[in-house]
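Read the structure below first, then the notes.
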Amino acid sequence: MTDPDANLQTVLIARMAGGDVDSKPVDEEEPGNPDETAADGSRKPVVLVTNADGIGSHGLTFLVEALVREEQCDVHVCAPDSDKSVSGHSITLHQTVSATSADLKGATAFEVSGSAADCVSLALSGSLFSWSKPTLVISGVNKGSNCCGHNIFYSGAVAGAREALMCGVPSLVISLNWKKEKSQESDFKDAVDVCLPLINAAIRDIEKGIFPRNCLLNIEIPTAPCANQGFKLTRQSLWRYVSNWQAVSASRHPTAGQFMSMHQSLGIQLAQLGRDASAAGAARRVGAQRKIVEIESVAEAGKPEQREAVKKCFRLEFLEKEQEPKVEEDSDFRALANGFIAVTPLYLDLQVQPEIQASASDWLAAVLKGTEEAPEADV
């Protein structure tokens, strides 16, 4: 049996050397081309860069700088104007989305008031750029390992790459396993450097028609990119974060205390206004309660009693605890924990396994049979 790790390394070495390795072809539709041409007169391939962290993130900046510096492709950027990391595959419907030009040297860039999926959908629509089908879409480099295991369903980064694949465009999603106590901004640059050969190989093989089809590649980079143990072909694990919901006060905004401490005199004035407003509000509530009592005293029997609405506020945090009882050695989570760069193919095909289909069929048949045999209820 062929070792997938060794095979992947062989593929990468062959790509960097310009060699060919057999693979399934991508969609034969020609990718869009920019107006700019390469030095030899041929058109450059188009690469669209997006992310979920926002257009001002270090990961995206370093990636764009590297692609521009390589001069192998024409770089376009369409990314959220703010952090949309855990937005999933949300899209904006029946609301206006704005796209504002952004200054990224060597690239044509727009920041968009939407999710990563919005950005890719808009970019590929032909409404924003002069092309509608780039050679490759890259989502990254994103901050955090939110793309491992079941967390891909929360990930806006994966959604951006998935949106491209849904439109028939090959895509990569690249994330750095950021650790607050260990990581620093320069790690993003290192992450780009270690992935650049893979990116260049992908561009080259897409144009040759030998890039893997019907999947996107989810690339997870360990916390110390330069100390990585190499590339490892992996499978999606069942790992996920633990959801931790914490109750918070409904009467005080989380940042109000910080604001008041910075503006003490204004805080005193606002506090006085707050007391006055509270007194006025209390008077209104007393009056309102009296009115309610009067109304209830003459109400018809059987009328529902008026109750005050209860409002509770909560804040969600993710705890980094392992949820998979048995973590396979070829899983993305295990490879990343062992210092490898995990490369996981992700598919759009949501068809279930035959045994699950059969189980659901048996259950549905039993329910329908029971419904048909159930006696009619007495009138």
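Remark: the stretch 119-233 is approximated by an ellipsoid whose semi-axes, taken from the C-alpha gyration tensor as √(5λ), come to 25, 16, 13 Å, largest first.
Taken along the Cα-to-beta-carbon direction at a fixed 7 Å, the label points for Ser361 and Glu185 span 5.9 nm. Listed peptides 114-122, 310-318, 341-349, 177-185 appear in the order 114-122, 341-349, 177-185, 310-318 once ranked by packing, highest mean of other Cβ atoms within 10 Å at the front.
Where a number appears in this text, it was derived from the coordinates with a stated rule and is not lab data. As the structure is a computational prediction, the values presented were derived from the model and not from experiment. Reconstructed Cβ throughout: ideal geometry from the backbone, glycine too, with neighbour counts over all protein chains shown.
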